[in-house]
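The values are calculated or read from the model by the stated rules, or taken from the named source; none is laboratory data. Keep in mind the model is a prediction, meaning the values are calculated, not measured. Neighbour counts are summed over all protein chains in view; Cβ atoms, including those assigned to glycine, are modelled from backbone coordinates with ideal geometry. Surface accessibility is based on the protein's heavy atoms, side chains included, excluding ligands, DNA and RNA. Shrake-Rupley method; radii C 1.70, N 1.55, O 1.52, S 1.80 Å.
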Amino acid sequence: MRIVLYRGDGVIEPWEREFHAVMPDVQTVTWKEGELLAPCDYAVLWNPAPALLAQLGDVKAIFLMGAGVDAVLKFGDALPDVPLVRLGDAGMGVQMAEYVAHAVLRYFRRFDEYEQQARHGAWNPLPQHAKEHFTIGVMGLGRLGMPVVEAMRHFGFPVRGWSRSPKDVPGVQTFAGMEALGDFLHGIRVLVCMLPLTQETTNLLDRHNLGRLASGAYLINVSRGAILNEPDLMTLIRSGQIAGATLDVFRHEPLPAPHPFWNEPRITLTPHISALTMRHDAVRQIADKIQTLENGEAVTELVDRQLGY
Ligand code: NAP
């Protein structure tokens, strides 16, 4: 069996080593711009080059080295008509839960305010927030959203969840579809965005929808930057309607130097690190799925191109 491995950043050698360790009988193939690709059974990619995609019409499936698929679906008709499979959790769920739990607890226990106080030499205990009024809303109840929901439940916060299709999650107030978005957002204290970037979710977090949150709410965006209308967030933060935001993803990455987010103390920035691909877990998952496909069975995490995720 031959598998072509490709990453836009060129860091392919550690992936080759991992594939050889997990699938010793497989021949891995690399590709460079301008080369003709010899026939392969499968492709495993991240940020693919269009010239490579054009040569993948005969592979049995394309696997992605990440959970998000927007960077591949943007190629539209240039994407070969073969099954497209993304990663499902593969070690990212626990990282998302850690990242979000840290951000939520920082706001709930007012560490953001104590950090500012300490900078000014102020010793001033603040009243505790009441947990029953600190509702956490998680947008996206998928492979990465659910571990976040579980972590928030563990700390005893009231939790709401929003997804496209209806869900029954014990102890969580769930909402489904655009028609329920207003009810979901109303009065939320911390909004966590775990949605994929699709036509429907682009710019979903705008002035109108963020304005439905509780006054003094917080935003945590760990999915994709283009879901958030960045100027609208700045307006709401400056007016005090939104008290703060923790952002891991941005419309343009790296975040450009003159961007107003850099100088806004109520915004905490991280450079797209909330859930990193765990190479070993990822390769094991891809290897299992290749075996499943070779057995003629269906795999999970198949991308629905119509829905865009
Ligand atoms: P997933 O398993 O596909 O879950 C997506 C969830 O979003 C599902 O619950 C889905 O609803 C919901 N959803 C999709 N479109 C919706 C819509 N229009 N309205 C309401 N709900 C909608 O995806 P995942 O594995 O959890 O990953 C989520 C995203 O995280 C990825 O797409 C990626 O962009 C991002 N990500 C970020 C990082 C990082 O480091 N920052 C790392 C990995 C992934 P249904 O359940 O009804 O289908």
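Pull out all pairs, ordered by first then second residue, where Cβ-Cβ is under 6 Å, the residues are six or more apart or on different chains, the first lies in the stretch 162-186 and is among the β-branched types (Val, Ile, Thr), and the second is open to solvent by 50 Å² or more (accessible area, probe 1.4 Å).
Between residues of the stretch 162-186 that are among the β-branched types (Val, Ile, Thr) and residues that are open to solvent by 50 Å² or more (accessible area, probe 1.4 Å), the close pairs are Thr174/Lys167.
Quick check on my filter: what residues within the stretch 276-292 are away from the ligand (no atom under 16 Å from the Cβ), open to solvent by less than 70 Å² (accessible area, probe 1.4 Å) and farther than 16 Å from Trp46 by Cα?
Of everything in the stretch 276-292, those that are away from the ligand (no atom under 16 Å from the Cβ), open to solvent by less than 70 Å² (accessible area, probe 1.4 Å) and farther than 16 Å from Trp46 by Cα turn out to be Ala287, Ile290, Thr292.
From the residues in the stretch 184-200 that are near the ligand (Cβ under 9 Å from one of its atoms) and open to solvent by 10 Å² or more (accessible area, probe 1.4 Å), which one is nearest to Ala151 (Cα to Cα)?
Met194
Of the residues Thr300, Thr246, which is within 12 Å of the ligand (Cβ to nearest atom) and either in a helix (DSSP H, G or I) or open to solvent by 70 Å² or more (accessible area, probe 1.4 Å) (or both)?
Sole residue among the options that is within 12 Å of the ligand (Cβ to nearest atom) and either in a helix (DSSP H, G or I) or open to solvent by 70 Å² or more (accessible area, probe 1.4 Å) (or both): Thr300.
Of all residues in the stretch 141-179, count the ones that are small (Gly, Ala, Ser) and either over 22 Å from the mean Cα position of the chain (by Cα) or open to solvent by 30 Å² or more (accessible area, probe 1.4 Å) (or both).
4
Mind checking which helices (runs of 4 or more DSSP H) fall wholly inside the stretch 30-116 and carry at least 1 residues that are touching a residue at least 60 places away in the same chain (Cβ under 8 Å) and open to solvent by 20 Å² or more (accessible area, probe 1.4 Å)?
Here the list reads 70-73, 92-108.
Conditions (1) closer than 25 Å to Glu98 by Cα; (2) open to solvent by less than 90 Å² (accessible area, probe 1.4 Å); (3) away from the ligand (no atom under 11 Å from the Cβ), marked per residue:
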| site | (1), (2), (3) |
| --- | --- |
| His252 | yes, no, yes |
| Pro258 | no, no, yes |
| Phe261 | yes, yes, yes |
| Thr270 | yes, yes, no |
| Ser274 | yes, yes, no |
| Glu294 | no, yes, yes |
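Picking from Ala214, Ala257, Ala275, which residue would you name as being out of contact with any His (no Cβ under 7 Å at 6 or more places or on another chain), of a type in the set (Gly, Ala, Ser), in a loop (DSSP other than H, G, I, E, B) and within 24 Å of Leu87 (Cα to Cα)?
Values: Ala214 fails: within 24 Å of Leu87 (Cα to Cα); Ala257 fails: within 24 Å of Leu87 (Cα to Cα).
After ruling out the rest, the residue left standing is Ala275.
Is it fair to say Asn209 is part of a loop (DSSP other than H, G, I, E, B), within 16 Å of the ligand (Cβ to nearest atom), free of Cβ contacts under 8 Å to residues at least 40 places away in the same chain and in the same structural domain as Arg110 (by TED's automatic domain parsing)?
no
Find the residue count for the stretch 62-94, including only residues that are on the phi < 0 side of the Ramachandran plot and in contact with a helix residue (DSSP H, G or I) (Cβ under 9 Å, 6 or more places away or on another chain).
Of the residues in the stretch 62-94, 21 are on the phi < 0 side of the Ramachandran plot and in contact with a helix residue (DSSP H, G or I) (Cβ under 9 Å, 6 or more places away or on another chain).
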